[in-house]
1. With contacts defined as alpha carbon pairs under 8 Å and 6 or more residues apart, what's the relative contact order of the chain in percent?
2. Ranked highest first by the average count of other Cβ atoms within 10 Å around their residues, in what order do 31-37, 131-137 fall?
3. Hey, got the dipole for region 1-128? About the Cα centre, +1 on K and R Cβ, -1 on D and E Cβ, debye to the nearest 20?
4. What is the percent carbon and sulfur in the accessible area of the chain, measuring with a 1.4 Å probe over the protein chains and ignoring ligands?
5. Rounded, prolate or oblate: which one fits region 16-73, using the alpha carbon gyration tensor with axes a ≥ b ≥ c (rounded when a/c is under 1.5, else prolate when a/b beats b/c, else oblate)?
6. What per residue convex hull volume, in Å³, do the alpha-carbon atoms of region 1-49 yield?
7. Placing +1 at every Lys and Arg Cβ and -1 at every Asp and Glu Cβ, with all other atoms neutral, what dipole size does the chain have around its Cα centre, in debye to the nearest 20?
8. I need the shape label for the chain. Rule: rounded when a/c is under 1.5, else prolate if a/b > b/c, else oblate, with a, b, c from the alpha carbon gyration tensor.
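The values are calculated or read from the model by the stated rules, or taken from the named source; none is laboratory data. Here the structure is a predicted model, which is why all the values come from computation and not from measurement. FYI the Cβ positions are ideal-geometry reconstructions off the backbone, even for glycines, and counts take in every protein chain you see. The area values use the complete protein model at the heavy-atom level, side chains included, leaving out ligands, DNA and RNA. Shrake-Rupley method; radii C 1.70, N 1.55, O 1.52, S 1.80 Å.
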Amino acid sequence: MGSGIRAEIRVAADGTCPIVEASSNLGSPSYTIARGVTGGAPDRVNEEFMLESGGDPEASVELTEIFDYGAKTMYRFSRERGRGCPCETVELFDCPIIDLHARDGSLYLVFHATDMETLQETIVTLRNRYSAVDVRRLLRSEHDAPEDDLVLLDRSRLTERQREVLETANSMGYFEHPKGANAGEVADELGITTSTFSEHLAASQSKLMDAILDI
């Protein structure tokens, strides 16, 4: 049995994702994103997503309201394939998206890579196409390990302060959807400024990215 890698990645979609556009314009995170090829037209894809009700989301494609759940509304749109969206970029490497949502102007994707080489190629391609790509979490499955999911990254690459920042942010729900705490709240808990927190977080993510890409 081989070992795979589960990746959770944030991508700044840079105007390539209508769902991110609609989510940002309405100020609502997205929920329950579904994608599928249009029947009889393999060069087109249908996408459905849910936003909080109470507004008129705008995007670069025509959105159709298809169901009202009360607190949330489901929308659908159709577009051509090959527009350079992050989902299609990941799927180029035979990695189907298993979870997907938009928040704060970014797209969050979860997928499984069959091996480290595939994961590295996927991340490099994403970084070449988009202005910001952050790896949120990586897990490796080992068939002969006592636990199914093992943390892949070597946390010794981080300084003690960087680990403290990440652990505090994680325990306060900073990386959750929706967020349990914002950057200012985590910074206050750590006794540092928001800008210092952002610097530590960026440095940590950069080191973890280097580890992933074997730099």
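1. Values: 372 pairs, mean separation 51.0, N = 215.
Computed value for the chain: 24 percent relative contact order.
2. 131-137, 31-37
3. Using Cβ point charges on Lys, Arg, Asp and Glu, region 1-128 gives about 80 debye.
4. Numbers: 5020 of 11280 Å².
Its accessible area is 45 percent carbon and sulfur atoms.
5. It is prolate, given that a/c is not under 1.5 and a/b is the larger ratio.
6. Measuring per residue, one finds 153 Å³ for the Cα hull of region 1-49.
7. Working: 21 positive and 38 negative charges, 60 e Å.
Dipole size: approximately 280 debye.
8. Numbers: a/c = 2.00, a/b = 1.30, b/c = 1.54.
Note, shape of the chain comes out oblate.
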